[in-house]
Amino acid sequence: MINDPGVNALEGVLGCGEQLRKAREAAGLSLDQVGGQLRMPVQVVAALEAEQWSRLGAPVFVRGQLRSYARLLKVDLGGLLEQAKIAPVEPPKLVSHTHTPRLRRAAENIGRRAVYVVITAVLAVPVWYVISGNSNSAPPSTASLDVVPATDAGGQLAAPVQAPAAVPVPAADSGPYIASMAPLARPAAAAPSALTLNFKGDSWVDISAPDGATVEKALVRAGERRSFAAGQVGRMVLGNAAEVEVQQAAGNVDLAPYKRGNVARFTVSSDGSVAPVSH
């Protein structure tokens, strides 16, 4: 919905809807046919003809829809549209629930690593202590029990035969290996490149997620900035695109291939690169 000043701003375009309806009927087109050619819901086309501005959103959006409809039917509404005083619309305060602050991500990573270190210490230290204690103790002396005493010709026991000395067990060259549950250190994965919008002038934006959900649809003031992580947005429509600077990690994005008039439309892939909207 828009406020009363925004609705009053469109009083100068009264009569546009009637002209458009007559031109459509003269061209033999139905509301469905017009909606299909403009890629616009039939309810919006009907509301434009009925001049029900309060159902159509912000005045700047309504004026753009009227221009598109008039261009399709070759109707000149320039004079009426110039009379409309479009008042600025206060954008809603939107809070992104899909973006995690960088400090929070860093704190979570540190916490996970601390848990790994504590678990490793609890499991590995007792094992190391037991094994190191056993390796320092000397092995017990052993004697063979398989030696039978020899007898002389008279059946008397001969001098006892000493059992061979036990062969000392050589000490192991190195201690045993101790298994550790600590994760192998791997280089940190590079953070996906972000898409940043710098607004040099007021611009109406319509930003959607990859699943089609609306991320932001509002009038953004000059001097504001929006940043999105890779994979957070799937499609963007930027009004007054000449006053919007789009940046990636590689540098500024040239919006010329995606502009029609002063409106830029493009898609954003999962790696943050932009491409034209496919119809």
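Residues are listed down the side, and each one gets a yes or a no for (1) in contact with a Gly (Cβ under 7 Å, 6 or more places away or on another chain); (2) without any contact (Cβ under 8 Å) to a residue 24 or more places away in the chain:
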position	(1), (2)
G201	no, no
I207	no, no
A213	no, yes
V220	no, no
S227	no, no
A230	yes, no
G234	no, no
G239	no, no
The condition of being farther than 13 Å from L195 by Cα and open to solvent by 20 Å² or more (accessible area, probe 1.4 Å) holds, among V277, V253, only for V277
Residues being modelled with pLDDT of 70 or more and hydroxyl-bearing (S, T, Y): count how many of those fall in region 62-109.
3
Going through region 54-79 one residue at a time, which ones are of a type in the set (A, V, I, L, M, F, W, C) and in a helix (DSSP H, G or I)?
V60, F61, V62, L66, A70, L72, L73
Which residue pairs have Cβ atoms under 9 Å apart, sit 6 or more places apart or on different chains, and have a first residue in region 20-40 that is on the phi > 0 side of the Ramachandran plot and a second that is outside any helix (DSSP H, G or I) and open to solvent by 50 Å² or more (accessible area, probe 1.4 Å)?
R39/H279
If I filter region 230-237 for residues that are modelled with pLDDT of 85 or more and open to solvent by less than 20 Å² (accessible area, probe 1.4 Å), do I get at least one hit?
yes
Filter region 194-229 down to the residues that are under 16 Å from A264 (Cβ atoms) and among the acidic types (D, E), then identify the one that is most open to solvent (accessible area, probe 1.4 Å).
D202
Would you pick out the residues in region 3-50 that are surrounded by fewer than 18 Cβ atoms within 10 Å (Cβ to Cβ), modelled with pLDDT under 75, within 18 Å of L77 (Cβ to Cβ) and not small (G, A, S)?
E11, L14
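The values are calculated or read from the model by the stated rules, or taken from the named source; none is laboratory data. All values reported here derive from a predicted model rather than from experimental measurement. Please note: Cβ atoms are built from the backbone with ideal geometry, for glycine as well, and neighbour counts cover all protein chains shown. Please note that ligands, DNA and RNA were not included when accessible areas were found on the heavy atoms of the full protein model with its side chains. Shrake-Rupley method; radii C 1.70, N 1.55, O 1.52, S 1.80 Å.
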